[in-house]
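Undergrad: One structure, pasted below without further comment.
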Amino acid sequence: MKRVLYYLGLVLLLSGLLLVSCYEKRSTDKERENNWAEKRATMVHQLRVYGIEDERILKAMNSIQRHKFIPERYLGIAAPYGDHPCPIGHGQTISQPYIVAYMTEKLHIQPGGKILEIGTGSGYQAAVLAELGAAVYSIEIVPELADHARKALSAQGYEKVNVLTGNGYEGWPEYSPFDDIIVTCAPEHIPQALVNQLREGGRMILPLGVGVQRLVILRKISGRIEKVDDLPVRFVPMVRRP
Ligand code: SAH
């Protein structure tokens, strides 16, 4: 009898400890989530101060869990909601939030639009485009990054983002023409295949140049290309092989 009571007591004690630790884990997870939400709100406030006006973009960036797109091992060394690029592995970075918002704003994305992105990276920019209601076709040349982005996007419920492991210089002809094209790595010259895959009236934004780079915005009007030079920027190069 004594032995039974002893074991019963032990079981009760262990279940109690288990309950307490589950509760503590739940509350620390919650605190961590709240903490990220606060940081996201600060990031969005800063985007407003910097001049981003499109409420749809601000709302999207307020809701997307940017930290979930950054591989866990980099979370400790770079603040995911700070206004700077963050490492994502393979020598690549996720662009700073202001540039993501700025480039997205310049494209005038419409719900139901079909957008091509070159340089999936973490998948974060693709998630912003998807939040705006676009169908996103995104190409990434580094297979490991493409896999990571696919997983992060589907874990966050972005089923309308298609990620292709491939060379962005070729575009994605099967799904062309695209309403808009966003390039998030810098080529030396404007890739002709991408111009060909842009629909009439569509816009393309890309960082152009080696070393010194500028954002360039193109618009296809009556088959002709109008080109406007914009901000100086710094992006990773658009490479020809991984
Ligand atoms: N848009 C990304 C950041 C992109 S970083 C995000 O939101 O996280 C630039 C990415 O372009 C890198 O992942 C790099 O591997 C990729 N890249 C470079 N050259 C490429 C090419 N030719 N085709 C497709 N992707 C390319």
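Undergrad: Only one of these conditions is not met by K106: (1) in contact with a strand residue (DSSP E or B) (Cβ under 9 Å, 6 or more places away or on another chain); (2) more than 13 Å from the ligand (Cβ to nearest atom); (3) in a loop (DSSP other than H, G, I, E, B). Which number is it?
TA: Only one criterion is unmet by K106, namely (3).
Undergrad: I've got another one for you. With G157, G202 as the choices, which residue is more than 15 Å from G119 (Cα to Cα) and touching a strand residue (DSSP E or B) at 6+ places or on another chain (Cβ under 8 Å)?
TA: The conditions single out G202.
Undergrad: Now for a different question. Look through the stretch 121-151, keep the residues that are more than 6 Å from the ligand (Cβ to nearest atom) and assigned to a loop (DSSP other than H, G, I, E, B), and return whichever of them is nearest to the chain's Cα centre (by Cα).
TA: Checked the stretch 121-151; the qualifying residue nearest to the chain's Cα centre (by Cα) is G123.
Undergrad: Quick one: how many residues across the stretch 222-240 are within 8 Å of the ligand (Cβ to nearest atom) and over 17 Å from V210 (Cβ atoms)?
TA: 0
Undergrad: For I99, state whether it is near the ligand (Cβ under 10 Å from one of its atoms), at pLDDT 95 or above and in contact with a Phe, Trp or Tyr (Cβ under 8 Å, 6 or more places away or on another chain).
TA: For I99, the condition - near the ligand (Cβ under 10 Å from one of its atoms), at pLDDT 95 or above and in contact with a Phe, Trp or Tyr (Cβ under 8 Å, 6 or more places away or on another chain) - is not met.
Undergrad: What pairs can you find where one residue is in the stretch 180-204 and free of Cβ contacts under 8 Å to residues at least 40 places away in the same chain and basic (K, R), the other is assigned to a loop (DSSP other than H, G, I, E, B) and surrounded by 15 or more Cβ atoms within 10 Å (Cβ to Cβ), and their Cβ atoms are less than 6 Å apart, with a gap of 6+ or different chains?
TA: R199/P177
The values are calculated or read from the model by the stated rules, or taken from the named source; none is laboratory data. This structure is a prediction, so every number in the text was calculated from the model and none was measured. Methodologically, a virtual Cβ is constructed for each residue, glycine included, from the backbone with ideal geometry; neighbour enumeration extends over all protein chains shown.
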